[in-house]
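For reference, the structure is listed below as structure tokens.
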Amino acid sequence: MKFFSLVFCVLTALTSLAEQDLATELLKASDRGRGGLQEGIEWNVSIETTENEETTSREFFIKAKGHDAYAEALKPAKNKGEVFLFNDRQMWFYKNSLKKPVSIAARQKLSGQAANGDIASTHYARDYSATLEKTVDFEGVKHHVLLLKAKGNNLTYDQIRYWISDKTKLATQAEFLTLQGQVFKIGRLEYNNSLTIAGKNIAFVSQLTIIDAKFSQNKSVIKYAKPKIADHPDAIFNINNITR
């Protein structure tokens, strides 16, 4: 009896390790489709927010490389020139009326349902611990559902339930959760852009729609345009150069 109990424990442990490895690999693959690349990359972002029956819009130009990103506001005119700097896991904001950049939170509201961290590239494989919850048929396609838990308190979300397609290895849906596990926002992703890296085309996100879980009429639609590989000097992402 003890022998069979030991075998069962070993098999359970091996299964758990295999699922952990799968979750990690899926997360790494899905990050690539959302800008989580070591190569330099840039793209345009527009955010259209509908909240309380009013619609507003904002536009940004994003430069990213590795774990860093630089976002410059283009529209509306009152925000033009504002800069959001993502330096590793730290985030900074600067505009001309400030003497120096100020530290801000990635989870702080940017526009409607969109937080500051939503406009940067994702590095979920680094920032979150992933557990495979289940494998399901979602919209006619096999998906792996991961539960992501933040490794630090300075990330955009504390927990995320993440649907990743088994076929494309891209995330198609996210539930953004509170620390208590309650869903407060839902994200839906589309991939109609592409990038060429080392002669190979990879899918790149074209739209992220973030919806209030309680009031579905309140939503922010983030559209990504003109993504391309670009050679960005490290100095762009240095906090000491942001005012120059």
Exercise for the section: Specify, per residue and in Å³, the volume enclosed by the convex hull of the alpha carbon atoms belonging to the range 117-244. Expected result: 160
Exercise for the section: Kindly report, to the nearest 10 Å², the accessible surface of Thr196 as traced by a 1.4 Å probe over protein heavy atoms only. Expected result: 80
Completion exercise
For the chain, the Cα-Cα pair-distance distribution in 5 Å bins from 0, as whole percents, is 1, 6, 12, 17, 19, 17, 12, 7, 4, 2, 2, 1, 1, 0, 0
Fill in the blank from the handout: The long-range amide H neighbours of Leu170, using H built 1.01 Å from N in the peptide plane and a cut-off of under 5 Å, are Ser165
Exercise for the section: Of the listed pairs Lys65/Lys219; Lys151/Lys228; Lys109/Lys219; Lys28/Lys167, which have alpha-carbon separations greater than 19 Å here? Expected result: Lys65/Lys219; Lys151/Lys228
Practice task
Would you mind computing Rg(Cα) / (2.2 N^0.38 Å) for the range 89-135, counting N as its residues?
Solution key: 1.54
Handout entry: In Å², nearest 10: area of Phe86 left accessible to a 1.4 Å probe
Key = 20
Exercise for the section: With a probe of 1.4 Å, find how much accessible area the range 29-243 has per residue, and write the answer as a whole number in Å². Expected result: 50
Practice task
Keeping the other protein chains in place, figure out the carbon and sulfur percent of the accessible area of the chain, with a 1.4 Å probe.
Solution key: 51
Problem - Residue with peak Gaussian network fluctuation, the chain [Cα springs, cutoff 10 Å], from Ser30, Ser103, Ser111 - result: Ser103
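The values are calculated or read from the model by the stated rules, or taken from the named source; none is laboratory data. Keep in mind that this is a model prediction, so the values were computed, not measured. With ligands, DNA and RNA removed, areas are computed over all heavy atoms of the protein, side chains included. Shrake-Rupley method; radii C 1.70, N 1.55, O 1.52, S 1.80 Å.
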